[in-house]
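Down below is the structure, laid out as structure tokens.
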Amino acid sequence: MRFTCDTAQLGRSAAFAARHTAGNGASIPSLSGLRMSAREDVVRLTGYDYEASSVVSFPAEVGEAGELLLPGRVFAEIVRALPAGSVEISAAGGTVEIAAGTIEFTLPTLPMADYPELPAPPAPTGVVDGGSFAKVAAQMARIALREHVIPVLSGTLCEFAADSLTMTASDRFRVAIRELPWKPTDADLPARAVAPARLLAEAAKGLGSDDVLTAGVGGAGDPLLSLGTDDRLTTLRLLDDTYPALRSKVPTSFVGAVTLDAELLAAALRRVCIVADRYAAVELSIGSDEVVVGAAGDVDTRGRERLPADLDGSGTTVGFNAGYLLDGLDVLDAPYARLSFNEGVRPALLTGRDSPDADDRADVRYVAMPRRLAS
């Protein structure tokens with residue numbers, strides 16, 4: 001095998017595919033390999049670790065077609081360190097030579113016979129804006145459960161319907177539900193997938209935010225979620241589909257609701273977190289025309305800030321995890337936030353508005369459990 005291509009193009013492609021190569025301590029050594037195929041002036045790189053795969057194709061001047069397996073992460077690091085220009089990749093015997101001007105590297109190849117076959121990706125289900133999808137996937141990854149006590153809650157639920165894509169995440173103490181516009185294909189709908197939340201966020205980020213993403217759900221054997229652009233494709237092995245029916249947990253009746261500027265509230269919470277841990281309780285004292293944001297609990301160092309607000313119903317004092325509220329405001333992605341609350345530690349609902357008097361936006365809901373305040 002021998003080909004020449006642009007160094008920057010090869011570096012981006014190798015970094016993308018090598019994300020899903022296992023490290024040197026992999027139980028199956030071949031999984032640390034990057035599969036490289038060159039033919040008809042196109043080079044294809046593949047990384048696979050059983051949980052996910054990344055495949056990328058790019059143009060190159062192919063002098064000799066061929067296929068091989070080489071140490072993935074080392075190769076990606078080498079190419080990333082090369083100067084701008086062209087690079088030649090050539091294989092001879094059991095080694096690969098990387099030459100860029102006066103720079104030369106040699107790497108051993110790995111046995112191709114041990115490399116597993118990738119599962120066939122599912123047929124496309126529809127397309128979604130890459131930037132919007134990546135942003136919401138990252139938000140859901142911050143909310144999904146990090147421990148594996150309840151494995152399914154470490155995933156993001158993606159529900160594909162005829163008119164929208166709904167993404168849901170929860171860690172038992174909060175629930176985020178966000179709808180995205182998308183264009184379905186002729187695939188059978190509705191469809192759903194529970195993808196590992198952090199892998200999903202990383203995959204969406206790696207595919208880029210400037211492109212339209214094609215999504216697919218299914219596959220023979222282990223179910224998969226596929227995300228792809230014109231030249232890149234990532235597949236993720238799905239989690240158990242027994243995701244709880246969290247939409248039924250969204251509260252609908254409240255004793256009061258307060259509307260305030262979302263950015264002012266976020267800024268106040270960040271300032272309070274200077275004197276209180278991000279995951280400590282903050283106290284919201286809700287009155288007829290203002291909300292007082294302050295650190296809660298028996299602490300010597302305190303911070304308080306008054307924010308203008310519009311109240312419907314009865315005022316109260318309620319405590320929340322500061323970081324949870326900040327994550328909720330990020331998910332809202334709206335200029336105004338409406339916090340609907342109840343007495344005690346019953347669930348509260350955070351929704352977004354485009355103006356103080358507008359209706360709540362229907363595309364996003366965030367449920368948070370209040371914290372019990374010290375009497």
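Taking the stated definitions as given, is Arg198 among the charged types (D, E, K, R), in a strand (DSSP E or B) and out of contact with any Gly (no Cβ under 7 Å at 6 or more places or on another chain)?
No, not satisfied.
Is it the case that Arg80 is touching a helix residue (DSSP H, G or I) at 6+ places or on another chain (Cβ under 6 Å), charged (D, E, K, R), modelled with pLDDT of 90 or more and outside the structural domain of Ala204 (by TED's automatic domain parsing)?
Here the answer is yes, as Arg80 does meet what is asked.
Residue-by-condition table, conditions (1) assigned to a loop (DSSP other than H, G, I, E, B); (2) modelled with pLDDT under 95; (3) out of contact with any strand residue (DSSP E or B) (no Cβ under 7 Å at 6 or more places or on another chain); (4) over 27 Å from Ala193 (Cβ atoms):
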{"residue": "Tyr243", "(1), (2), (3), (4)": "yes, yes, no, no"}
{"residue": "Leu265", "(1), (2), (3), (4)": "no, no, no, yes"}
{"residue": "Glu283", "(1), (2), (3), (4)": "no, yes, no, yes"}
{"residue": "Leu311", "(1), (2), (3), (4)": "no, no, no, yes"}
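For region 113-144, give me the residue count where each residue is in a helix (DSSP H, G or I), of a type in the set (A, V, I, L, M) and in contact with an Asp or Glu (Cβ under 7 Å, 6 or more places away or on another chain).
The qualifying residues number 1.
Do the conditions hold for Gly221, that is, is it outside the structural domain of Val331 (by TED's automatic domain parsing) and of a type in the set (Gly, Ala, Ser)?
Numbers: outside the structural domain of Val331 (by TED's automatic domain parsing): yes; of a type in the set (Gly, Ala, Ser): yes.
It is true that Gly221 is outside the structural domain of Val331 (by TED's automatic domain parsing) and of a type in the set (Gly, Ala, Ser).
Mind checking which residues of region 347-366 are surrounded by fewer than 21 Cβ atoms within 10 Å (Cβ to Cβ) and under 11 Å from Val250 (Cα atoms)?
Pro347
If you take the residues in region 48-70 that are among the charged types (D, E, K, R) and over 15 Å from Pro116 (Cα atoms), which one is surrounded by the most Cβ atoms within 10 Å (Cβ to Cβ)?
Glu61
Filter region 27-47 for residues that are in contact with a Gly (Cβ under 9 Å, 6 or more places away or on another chain) and over 15 Å from Phe75 (Cα atoms); which is surrounded by the fewest Cβ atoms within 10 Å (Cβ to Cβ)?
The extreme case among them is Arg39.
Given the conditions (1) free of Cβ contacts under 8 Å to residues at least 12 places away in the same chain; (2) touching an Asp or Glu at 6+ places or on another chain (Cβ under 7 Å); (3) assigned to a loop (DSSP other than H, G, I, E, B), and given that Glu147 satisfies all but one, which numbered condition is not satisfied?
(2)
Which one is farthest from Pro151 (Cα to Cα), of the residues in region 218-249 that are of a type in the set (A, V, I, L, M) and under 17 Å from the mean Cα position of the chain (by Cα)?
Checked region 218-249; the qualifying residue farthest from Pro151 (Cα to Cα) is Leu233.
Within region 174-184, is even one residue surrounded by fewer than 17 Cβ atoms within 10 Å (Cβ to Cβ) and under 19 Å from Asp230 (Cα atoms)?
yes
The values are calculated or read from the model by the stated rules, or taken from the named source; none is laboratory data. Bear in mind the structure is a predicted one, so any value in this text is a computation, not a measurement. Neighbour counts run over all protein chains shown; Cβ positions are idealised from the backbone, glycine included.
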